[in-house]
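Structure first, then comments.
The values are calculated or read from the model by the stated rules, or taken from the named source; none is laboratory data. This is a predicted model, so every value here is computed, not measured. We place every Cβ from the backbone using ideal geometry, glycine too, and count neighbours over all the protein chains shown. Just the protein is used for accessible areas: all its heavy atoms, side chains included, with ligands, DNA and RNA removed. Shrake-Rupley method; radii C 1.70, N 1.55, O 1.52, S 1.80 Å.
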Amino acid sequence: MRYCTIGDGRTTFDVSTLCLGTMNMGTLVDEDTSFAILDRYLEAGGTFLDTANNYSSWAGGYGRDSEDLLGRWLATRGVRDEVRLATKLGAAKKDPALPLQNVAPTNYQGLAADVVEREAHESLRHLGVDHLDVLYGHVDDLDTPLAETVGAFGKLQAEGVVGITGISNVALWRVVEAREEALRQGIAPYGLVQQNLTYVYPTPEPGRHNWASYELLDYVASTGTPERPPLAVVAYSPILQGAYVRRDKPLWDGFDHPTTRERVRTLHEVAGQTRATPNQVVLAWLLGGEHPVIPVIGPSTVEQLDELLGAADLDLDPEIRARLDAV
Ligand SMILES: NC(=O)c1ccc[n+]([C@@H]2O[C@H](COP(=O)([O-])OP(=O)(O)OC[C@H]3O[C@@H](n4cnc5c(N)ncnc54)[C@H](OP(=O)(O)O)[C@@H]3O)[C@@H](O)[C@H]2O)c1
């Protein structure tokens, strides 16, 4: 396993470069299997766990299933100090009676100050911890003034409840404005932005703000100065939920186009040459690129995890990377 340093100009710590997503734990993945995955990840040197306050309400759960399971695992294993915990708020149901949909009207709880305050403390309770290493806004909230959201995150940091803050599923301009607002308020700005990123690209789609665009990566590369504190990208769904290798996992909407088919063909050729699996090549491509990111993997079994862990120390030859990039 390899490690990288994340920070926001005030708080800094190291995390493993492969983050473990726990979205389906406690719902689609049963408790025994989830514990086995968590144990194996820790044993392999993994230190960065990702959850949210709504995992996984769309998979038969009530929304805190993943946090609750993580809380039980942390308590029984006694390993709170060996891991860095990230959770998210803002995309749980505002009205529990209505479905959780991601198109307007969304029924998201949003990022108003009272929601941030309440939900962060609920996450502490469900996880059974006294601080969150990372707290993200799960989705942007255009109806709440940025100054209010930023101030609410800053209050939690000042109280020692939260280390680094972040935001997910967001337009670049909003990330930049929020970070500038934080600096104006004397608050540490978002240090992480969590977006979808993988080897294939979605077709351009107006209003799609959940992709880690090249422009975002370029902005991130410009950070790390006193005037512009560091910002890192965390990449969710990095193996497209298995679509690179599984017939039962069709490509998502917007990903099925001629360039994708050519990239997937090249990916399989390259994987054959490197004796790595296509999933491992994708993760190595994300980890070792011009703009390195932290992939959040979401295995459902220990076997799937073991395959993905094989990417942690995999370096792609420059010619291989150039070939992958060229498509
Ligand atoms: N910020 C956000 O809005 C957001 C959105 C999505 C996810 N996330 C975070 O990112 C994490 C990962 O997301 P994700 O689950 O979409 O990521 P992913 O790793 O791309 O997909 C995980 C799925 O891929 C399949 N899979 C995993 N390892 C495999 C392997 N070695 N071979 C073949 N198939 C494999 C499994 O499907 P089966 O279960 O069918 O076997 C698994 O459920 C989540 O747990 C969550 O923490 C965040």
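Data overview
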{"read-out": "Segment 47-60 - residue that is among the small types (Gly, Ala, Ser) and buried (at least 20 other Cβ atoms within 10 Å of the Cβ) and, of those, nearest to the ligand (Cβ to nearest atom)", "value": "ALA52"}
{"read-out": "Unmet criterion (only one of (1) free of Cβ contacts under 8 Å to residues at least 12 places away in the same chain; (2) in a helix (DSSP H, G or I)) for ASP248", "value": "(2)"}
{"read-out": "Selection within segment 174-208 - part of a loop (DSSP other than H, G, I, E, B), at pLDDT 95 or above and of a type in the set (S, T, N, Q)", "value": "GLN185, THR198"}
{"read-out": "GLY71 within 21 Å of GLN195 (Cβ to Cβ) and either surrounded by 24 or more Cβ atoms within 10 Å (Cβ to Cβ) or in contact (Cβ under 8 Å) with a residue 40 or more places away in the chain (or both)", "value": "no"}
{"read-out": "Members of segment 20-44 that are open to solvent by 10 Å² or more (accessible area, probe 1.4 Å) and free of Cβ contacts under 8 Å to residues at least 60 places away in the same chain", "value": "GLY26, THR27, ASP30, GLU31, ASP32, PHE35, ASP39, LEU42, GLU43"}
{"read-out": "Given (1) at negative phi; (2) at pLDDT below 95, number of the condition ARG275 does not satisfy", "value": "(1)"}
{"read-out": "Test: residue in segment 151-158 that is basic (Lys, Arg), open to solvent by 20 Å² or more (accessible area, probe 1.4 Å) and within 19 Å of LEU135 (Cα to Cα)", "value": "yes"}
{"read-out": "Residue within segment 102-110 that is aliphatic (A, V, I, L, M) and at pLDDT 95 or above present", "value": "no"}
{"read-out": "Single unsatisfied condition, PRO295 versus (1) in a strand (DSSP E or B); (2) free of Cβ contacts under 8 Å to residues at least 12 places away in the same chain", "value": "(2)"}
{"read-out": "Qualifying residue in segment 253-263 (condition: on the phi > 0 side of the Ramachandran plot, assigned to a loop (DSSP other than H, G, I, E, B) and crowded, with 16+ Cβ neighbours inside 10 Å)", "value": "no"}
{"read-out": "Residue selected from segment 309-327 under the condition in a loop (DSSP other than H, G, I, E, B) and closer than 26 Å to PRO230 by Cβ, by the criterion farthest from the ligand (Cβ to nearest atom)", "value": "ASP315"}
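So that you can scan it fast, the table gives a plain yes or no per residue for (1) within 12 Å of the ligand (Cβ to nearest atom); (2) in a loop (DSSP other than H, G, I, E, B); (3) under 23 Å from THR17 (Cβ atoms); (4) out of contact with any Asp or Glu (no Cβ under 8 Å at 6 or more places or on another chain):
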position: THR223; (1), (2), (3), (4): no, yes, yes, yes
position: PRO230; (1), (2), (3), (4): no, yes, yes, no
position: ALA235; (1), (2), (3), (4): yes, no, yes, yes
position: LEU267; (1), (2), (3), (4): no, no, yes, yes
position: LEU283; (1), (2), (3), (4): yes, no, yes, yes
position: GLU290; (1), (2), (3), (4): no, yes, yes, yes
position: SER300; (1), (2), (3), (4): yes, yes, yes, yes
position: GLU307; (1), (2), (3), (4): yes, no, yes, yes
